[in-house]
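Beneath this line is the structure, given in structure tokens, with notes to follow.
The values are calculated or read from the model by the stated rules, or taken from the named source; none is laboratory data. Note that the coordinates shown come from a computational prediction; the quantities given were computed from them, not determined experimentally. With ideal geometry, Cβ positions are generated from the backbone for all residues, glycine too; neighbour counts draw on all protein chains shown. Surface areas here come from the heavy atoms of the whole protein model, side chains and all, with no ligands, DNA or RNA. Shrake-Rupley method; radii C 1.70, N 1.55, O 1.52, S 1.80 Å.
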Amino acid sequence: MVQDSPSVYVWSALTILIAILLQMLPLSAAAAHWRPQFVLLTVCYWLFRRPLLHGIGFAWLCGLALDFVIGDLIGRHALVFAICACILLLLQQRMRHFRLVHQAILVLLLVALSQCLVYALTLILRFDWQGAVRLAPALSSMLFWPVLVVVLSRLHLSLIHISEPTRQAEI
């Protein structure tokens, strides 16, 4: 079975690494407020595509990696990604039947929730409210979700087709 192939883990790790690099991409101050949450979107994609292989622990590790790379409060994104993963895994069966537009709306709500949770955890340490700016990544993530799904699905299908002859040769 292709799901059990180690190449799926390598592919998901590679896409998370690319998402972390995109998250760190230097942008102007105005554009940085609209940056999509690339890592959370990629985690959502893998949780949606392969829920048995990528679970809450995967989301937590990706959030922890993002915290280390950003150099922010360690565990803040990890906790938020784990909560979002729980919600997404609960809705995963329903989400399979959603159209891409409806999935994008769900992603908007998940990213908005993650932004609110991250900001709530930040307010515990310091007080500086920028509410309107904080929800902007949710809108840009909603717009980026269909692009991410199409690109990663095509690459994922090519991965399956590449590994199929190898798996048949092993049998």
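Values as computed for the structure displayed
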{"quantity": "Top of 61, 155, 100 by mean-square fluctuation, Gaussian network on the chain, Cα under 10 Å", "calculated": "155"}
{"quantity": "FRET efficiency, residue 121 to residue 151 (Cβ-Cβ, R0 25 Å, nearest 0.05)", "calculated": "0.20"}
{"quantity": "Mean separation of Cα contacts under 8 Å, 6 or more apart, over the residue count of the stretch 1-92: relative contact order %", "calculated": "25"}
{"quantity": "Rg and Dmax of the stretch 41-129, Cα atoms only, in Å", "calculated": "13.5, 42"}
{"quantity": "Top of 107, 43, 149 by mean-square fluctuation, Gaussian network on the chain, Cα under 10 Å", "calculated": "149"}
{"quantity": "Contact order relative to length of the chain, as percent, for alpha carbon pairs under 8 angstrom and 6 or more apart", "calculated": "25"}
{"quantity": "Residues of the stretch 16-151: accessible area per residue with a 1.4 Å probe, Å²", "calculated": "52"}
{"quantity": "Sulfur and carbon atoms: percent of accessible area, the stretch 35-85 [1.4 Å]", "calculated": "71"}
{"quantity": "Heavy-atom accessible area order for 72, 67, largest first, 1.4 Å probe", "calculated": "72, 67"}
{"quantity": "Cα long-axis angle, helix 56-70 against the chain (0 to 90 degrees, to the nearest 10)", "calculated": "50"}
{"quantity": "The stretch 1-62 - Debye-derived log10 I(q)/I(0), Cα point model, q = 0.14 Å⁻¹", "calculated": "-0.44"}
{"quantity": "Pair-distance profile P(r), taking every C-alpha pair of the chain, with 5 angstrom steps and integer %", "calculated": "1, 8, 16, 21, 21, 14, 8, 5, 2, 1, 1, 0, 0"}
{"quantity": "Within a Gaussian network of the chain (alpha carbon springs, distance under 10 Å), most fluctuating of 54, 77, 33", "calculated": "33"}
{"quantity": "Local electrostatic count at residue 140 - Lys and Arg +1, Asp and Glu -1, tallied over other residues with Cβ under 13 Å", "calculated": "+2"}
{"quantity": "With at most 10 neighbouring Cβ atoms within 10 Å, loop chymotrypsin sites (Phe, Trp or Tyr not before Pro) (DSSP) excluded, longest segment of the chain", "calculated": "1-126"}
